[in-house]
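Participant: Starting off with a structure, shown below.
Read-outs: derived from the displayed coordinates by stated rules, not from any lab. All values reported here derive from a predicted model rather than from experimental measurement. Positions of Cβ are generated from backbone atoms using ideal geometry, with glycine treated the same way; all protein chains shown enter the neighbour counts.
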């Protein structure tokens, strides 16, 4: 094997004077990333389902920021949104597929199938819907794509499996895309986050009984939280070097690298852990006492 082929070459990606498309840009990681890239000289097209929120965020940045309402689950709508950006700025150099939601905690047996479909539709199919219409532009400009996965992609998913399933799919989409784009000199990377302090985290971990208990079971240092600004900075710095993968916080890196062995042991342990069994019993019991809740965006 020629090891020199595995080393990155010409990896710099200066965002100054580039046009970036960011989904989920009204707040959270997407909003923070838009601010960082804008500060570094990029023109940022900020897409979000919440029109007023993303409009306010773009207005705060001023020039070189453009807000557009878009639903990543709407394939035709995303084709139109990307076309609008292209027509306005003449090019697209960078796409960050960041929009995502989390389901109300539930087991696969008791969850609302519509909740499952909504999470997959936004988190996985929505990434495809975001990236696909812009790929000709990315190839033409030798640009870069970031798809936002999660450390949940390789962590156990009990009680919240649609999220983990979607993020594992995003990881594979990003890996395939990187190899495919390399043919044309463009690039792609996958971003993974542990626990980021966003509204979605508060809803699923802090404001929910099962979420709080599951969070308490996560060992140190994997339970460390980072801010949305820290997560966005990791992505921005990864973009600058066309990183194939970005993980924040870095304490998740060993788990990622050793996941094959760790997850064999983890699955066996969790399937026999009485504390977790009790939590899952309670989760299923409460499924009969309240209607399924709507998914929550970050």
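Participant: Using Cα-Cα distances under 8 Å and only pairs 6 or more residues apart, what relative contact order does the stretch 12-286 have, in percent?
Facilitator: Computed value for the stretch 12-286: 18 percent relative contact order.
Participant: By how many degrees, 0 to 90 and rounded to 10, does the Cα axis of helix 259-272 deviate from the longest principal axis of the chain?
Facilitator: Result, in degrees: 30.
Participant: Roughly how many whole Å is it from the C-alpha centroid of the stretch 144-204 to that of the stretch 67-103?
Facilitator: Taking the Cα centre of the stretch 67-103 as reference, the centre of the stretch 144-204 is 18 Å away.
Participant: Mind checking the full-extension length gain between residue 240 and residue 76? Use 0.36 nm per residue of separation minus the Cα-Cα distance, one decimal, nm.
Facilitator: Contour length minus the Cα-Cα distance gives 56.0 nm.
Participant: Work out the FRET efficiency for residue 12 and residue 40 from their Cβ-Cβ distance, taking R0 = 22 Å, and round it to the nearest 0.05.
Facilitator: 0.95
Participant: Working from Cα positions, state the angle (0 to 90°, nearest 10) between the long axis of helix 228-240 and the longest principal axis of the chain.
Facilitator: 40
Participant: Another question, if that's okay. Please order 282, 167 by the number of other Cβ within 10 Å, starting at the fewest.
Facilitator: Details: 282 13, 167 27.
In increasing order of surrounding Cβ atoms, one gets 282, 167.
Participant: How long is the gain from residue 258 to residue 184 if the chain were fully straight, where each residue apart is worth 0.36 nm and the alpha carbon distance is subtracted?
Facilitator: Contour length minus Cα-Cα distance gives 23.5 nm.
Participant: Give me the one-decimal nm value for the distance between modelled label points at residue 125 and residue 199, 7 Å along each residue's Cα-to-Cβ direction.
Facilitator: Result: 2.4 nm between the two label points.
Participant: In the stretch 136-180, which residues have a backbone nitrogen under 16 Å from the label point lying 7 Å from residue 271's Cα in the Cα-to-Cβ direction?
Facilitator: What the label zone holds, given the 16 Å backbone N cut-off, is 156-159.
Participant: For the stretch 12-286, take the alpha-carbon Rg, divide it by the Kirkwood Rh, and send me Rg/Rh.
Facilitator: 0.98
Participant: Further question: Treat each spin label as a single point 7 Å out from the Cα along the C-beta direction, and report the residue 87 to residue 141 distance in nm.
Facilitator: 1.8
Participant: As I understand it, the value is the acute angle between the Cα axis of helix 113-123 and the longest principal axis of the Cα atoms of the chain; what does it come to in degrees, rounded to 10?
Facilitator: 30
Participant: Let me ask something else. At 0.36 nm per residue, and after removing the present C-alpha to C-alpha distance, how many nm does the segment from residue 285 to residue 233 gain when stretched out fully?
Facilitator: Length difference between fully extended and current span is 14.6 nm.
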